[in-house]
Amino acid sequence: MRTPVVALIALHALLAQGKLNSYSTVAFPPAVRRALPNSPNGYAPTPVTCPSGQQPVVRDASSLSPNETAWLERRRANTVEPMRDLLNRLEIEGFDVNTFLDGNANNISALPNIAIAFSGGGYRALLNGAGVMAAFDSRTENATAPGHIGGLLQSATYVAGLSGGGWLTGSIFVNNFTTVTALRDDTSATVWNFNSSILEGPEQEGIQVLNTAEYYQDILDKVSGKEDAGFETTLTDYWGRALAFQLVNATEGGPAYTWSSIGLMDDFQSGSYPMPIILADERAPGETLIPRNTTVFEFNPFEMGSWDPTTFGFVNMQYLGSNFSGGVVTNDAACVVGFDNVGFIMGTSSSLFNTIVALADSPDLPQPVRDVLAQALTSGGSENEDIADYPNPFFGYNNATNPSANSSTLTLVDGGLDFQNIPLHPVIQPDRNVDVIFAVDSSADTSFNYPNGTALVATYERSQSDISNGTAFPSIPDVNTMVNLNLNQRPTFFGCNSSNITSDNPVPLIVYIPLSPYVLFSNVSTFDPLAFNDTFRNAIIENGYDVATMGNGTVDAQWPTCVGCAVLSRSLERTGTPVPQVCVECFQAFCWDGTLNSTVPATYEPTLRLGSLNRPSSAASGTRWPNSLLLATLATTVALLAML
Ligand SMILES: *[C@@H]1O[C@H](CO)[C@@H](O)[C@H](O)[C@H]1NC(C)=O
Ligand SMILES: *[C@@H]1O[C@H](CO)[C@@H](O)[C@H](O)[C@H]1NC(C)=O
Ligand SMILES: *[C@@H]1O[C@H](CO)[C@@H](O)[C@H](O)[C@H]1NC(C)=O
Ligand SMILES: *[C@@H]1O[C@H](CO)[C@@H](O)[C@H](O)[C@H]1NC(C)=O
Ligand SMILES: *[C@@H]1O[C@H](CO)[C@@H](O)[C@H](O)[C@H]1NC(C)=O
Ligand SMILES: *[C@@H]1O[C@H](CO)[C@@H](O)[C@H](O)[C@H]1NC(C)=O
Ligand SMILES: *[C@@H]1O[C@H](CO)[C@@H](O)[C@H](O)[C@H]1NC(C)=O
Ligand SMILES: *[C@@H]1O[C@H](CO)[C@@H](O)[C@H](O)[C@H]1NC(C)=O
Ligand SMILES: *[C@@H]1O[C@H](CO)[C@@H](O)[C@H](O)[C@H]1NC(C)=O
Ligand SMILES: *[C@@H]1O[C@H](CO)[C@@H](O)[C@H](O)[C@H]1NC(C)=O
Ligand SMILES: *[C@@H]1O[C@H](CO)[C@@H](O)[C@H](O)[C@H]1NC(C)=O
Ligand SMILES: *[C@@H]1O[C@H](CO)[C@@H](O)[C@H](O)[C@H]1NC(C)=O
């Protein structure tokens, strides 16, 4: 985020100053209609009459929504055959998959309930996560061959994403549950084309015939349109529009595509694929730093809201943007549709702007950059430019506990700013009864941008605090232990022994899958580079595939079987089924056994597991704040603005 933010901040400041308000009209080719561009006025939200007799209300979070409950029945039933195929392929010796599944056919809730969670971490997280997603997806070529684990995605109930992981989740589900390989290989459009950066906009080929000036102009037009419709806009609007050009497979980044429309897709409705969920954190009024116990919000295809005991409510996603007060929309005319733009939601989840606000004071930055940043940030006219603004659906709701109860806007920021950089929160909710979570971690924790378990520790600690509200999480060791025991270098299971956990609620098994170099050093920093050639992009994806499969079983031939054992673990327990001997061995090999070594480790610098793809890596440096890049970006921005 760091570099485009500079451009967007400058852009926003200039816009606010009225320096950029006359543009000529650009003619666009007719929109390509694929999924559901159902916002009547494109990016601008539209007031509509509320459905008669059914004004939207805030639902309290004490249960799943009726929509989700109904959907789950269809989805869980549809996971049985993919799970049968997967478990049979994984060759769990001494375990009769068909007998087990058929024996529990009348009680699907006895069978494994699987979730997958993709962490944040900018383009690194998008692409490493993509490799893992491809490995989990039975539609990927060879993903069902021996040594591979394809079919896990088809067996899963939930897929959660946050920030860069939210881009991945969004891009797959917004585009009609397409595949990673289709997005990677798409040449018909500019989707997943990172040859030119988000600052330059799409290349002039495919369906998006915009040059950079037109690209900026289009973004500005769309955001002004939302403002003209009477809605607050912030940097996140520009950011979300820009991201959508890269992630949404439609003309102009699909300004009319809504998150709630995912819920209307036939294949989603019938339970043919998992439910996507994206996360964001609340920045309560008056806060600049996000505390570890901040309220976490989720966006699922039906609803937006929070399970936390603070806000503890959900609203219908379709009517997000409506004028709620005290938990109801009182005025018939106060319903709004089209606020839940897919780019805006992906942008919200990756809204790290308050980090750059803090950065503006950093002595690490050259003075001229600080001056420009400071000017851009203050001339925006509001200290609240650095977040995503939502008309607050929870205004006057749960006044005693809701931090934003008195605020007409709800301000949301990047879902990882509370350190829970893996979106585990929605899938550890007791009402969802998840048995096993494949937690894909592409966080940049160490000085060379590798994960060290910080995200797991944050979720574990939160589960022990006042805000946990019934969520339970396995014990997680300190980050030094993670590194000393190599738990961040290869997949590790946490919470294998469920009887070691004291909770009245179900505790999922965590299958931690940290980014690690197999064939490529894919530890590029979060937003540097901003542009990737196709070769490098594909290599990060390929490395991610190896991260998930341990090199298709070449690093550990037992691994694919152990994935099957992890899937089955809680279900075996629930049904009183003996644990097969191979699984006992898997748990010995992959479970964290409680050992600690909290000595501060030496700098973590892993080597390639499987030799090099013979491509030079740009990831050798541990620099987190590439000043020269910031400066270059700033220069580019100024040049671009001059063009407008
Ligand atoms: C979505 O994908 C499914 C399966 O590939 C296909 O049958 C359907 O027509 C697609 N829907 C749209 C709107 O593209
Ligand atoms: C799939 O496997 C076949 C046979 O081993 C191989 O020729 C082909 O290149 C593989 N495809 C991919 C995408 O790895
Ligand atoms: C993108 O949209 C085009 C045009 O509808 C379609 O041909 C292509 O398959 C889509 N790509 C992906 C990855 O869904
Ligand atoms: C949610 O449930 C309501 C009530 O049954 C129904 O009218 C609506 O269509 C459902 N929404 C979706 C997206 O399925
Ligand atoms: C969660 O929080 C809500 C609202 O404060 C409360 O009513 C409920 O009992 C809590 N649930 C648990 C399991 O603590
Ligand atoms: C909750 O707060 C709102 C906004 O401050 C106020 O209008 C409302 O009366 C309060 N409701 C209750 C039940 O206290
Ligand atoms: C782990 O990551 C955190 C940041 O997330 C960092 O502050 C800490 O120094 C790291 N520790 C180790 C041992 O890598
Ligand atoms: C969050 O943590 C702070 C500081 O420990 C505490 O004062 C506050 O009550 C906590 N909030 C919630 C909702 O648990
Ligand atoms: C594993 O399989 C994937 C997909 O076929 C391939 O891209 C990757 O290179 C393979 N990895 C190894 C180590 O063979
Ligand atoms: C078992 O529980 C104890 C107490 O919570 C904890 O310290 C320990 O790390 C746990 N062991 C494992 C392997 O999770
Ligand atoms: C703990 O980890 C350090 C590496 O940081 C290692 O040198 C030491 O031997 C380990 N201690 C034990 C008891 O394994
Ligand atoms: C692609 O990018 C990588 C990493 O920046 C670079 O090393 C490589 O030379 C580039 N390849 C091409 C064909 O430009």
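The values are calculated or read from the model by the stated rules, or taken from the named source; none is laboratory data. In this text the structure is predicted, and so the values were computed from the model without any measurement. No Cβ is skipped: glycine too gets one built from the backbone with ideal geometry, and neighbour counts run over all protein chains shown.
Summary table
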| quantity | calculated |
| --- | --- |
| Residue ID - farthest from the chain's Cα centre (by Cα), chosen from residues in segment 54-66 that are outside any loop (DSSP other than H, G, I, E, B) and buried (at least 16 other Cβ atoms within 10 Å of the Cβ) | VAL57 |
| Of the criteria (1) out of contact with any Ser or Thr (no Cβ under 7 Å at 6 or more places or on another chain); (2) within 16 Å of ligand 9 (Cβ to nearest atom); (3) of a type in the set (Val, Ile, Thr), which one THR492 fails | (2) |
| Residues within segment 166-188 that are under 17 Å from PHE532 (Cβ atoms) and among the aliphatic types (A, V, I, L, M), tallied | 3 |
| Elements of type strands (runs of 3 or more DSSP E) contained in segment 429-543, each with 2 or more residues being more than 22 Å from the chain's Cα centre (by Cα), away from ligand 2 (no atom under 16 Å from the Cβ) and touching a residue at least 40 places away in the same chain (Cβ under 8 Å) | none |
| Index of the failed condition, SER503 passing every other in (1) in contact with a helix residue (DSSP H, G or I) (Cβ under 6 Å, 6 or more places away or on another chain); (2) surrounded by fewer than 21 Cβ atoms within 10 Å (Cβ to Cβ) | (1) |
| Qualifying residue in segment 407-423 (condition: in a helix (DSSP H, G or I), of a type in the set (Ser, Thr, Tyr) and without any contact (Cβ under 8 Å) to a residue 40 or more places away in the chain) | no |
| Criterion violated by ASP431 - all others in (1) in contact with a Lys or Arg (Cβ under 6 Å, 6 or more places away or on another chain); (2) surrounded by fewer than 21 Cβ atoms within 10 Å (Cβ to Cβ) satisfied | (1) |
| Qualifying residue in segment 369-388 (condition: part of a helix (DSSP H, G or I), surrounded by 15 or more Cβ atoms within 10 Å (Cβ to Cβ) and at pLDDT 95 or above) | no |
| Check on ILE219, within 16 Å of ligand 3 (Cβ to nearest atom), modelled with pLDDT under 95, more than 19 Å from the chain's Cα centre (by Cα) and among the hydrophobic types (A, V, I, L, M, F, W, C) | no |
| Residues being closer than 23 Å to ASN402 by Cβ and not charged (D, E, K, R) - total across segment 323-348 | 16 |
| Every residue from segment 304-329 that is within 16 Å of ligand 6 (Cβ to nearest atom) and at positive phi | PHE312, GLY326, GLY327 |
| Output for segment 290-305, where each listed residue is under 15 Å from THR348 (Cα atoms) and either in a loop (DSSP other than H, G, I, E, B) or not aliphatic (A, V, I, L, M) (or both) | ILE290, THR295, PHE297, GLU298, PHE299, ASN300, GLY305 |
| Residue that is surrounded by the fewest Cβ atoms within 10 Å (Cβ to Cβ) [pool: residues in segment 506-550 that are over 30 Å from GLY470 (Cα atoms) and of a type in the set (Val, Ile, Thr)] | THR535 |
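The rows are residues; the columns are (1) under 21 Å from the mean Cα position of the chain (by Cα); (2) touching a residue at least 12 places away in the same chain (Cβ under 8 Å); (3) more than 16 Å from ligand 10 (Cβ to nearest atom).
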{"residue": "ASN88", "(1), (2), (3)": "no, no, yes"}
{"residue": "GLU91", "(1), (2), (3)": "no, yes, yes"}
{"residue": "ASN98", "(1), (2), (3)": "no, yes, yes"}
{"residue": "ASN104", "(1), (2), (3)": "no, yes, yes"}
{"residue": "LEU111", "(1), (2), (3)": "no, yes, yes"}
{"residue": "ASN128", "(1), (2), (3)": "yes, yes, yes"}
{"residue": "ALA135", "(1), (2), (3)": "yes, yes, yes"}
{"residue": "PRO146", "(1), (2), (3)": "no, yes, yes"}
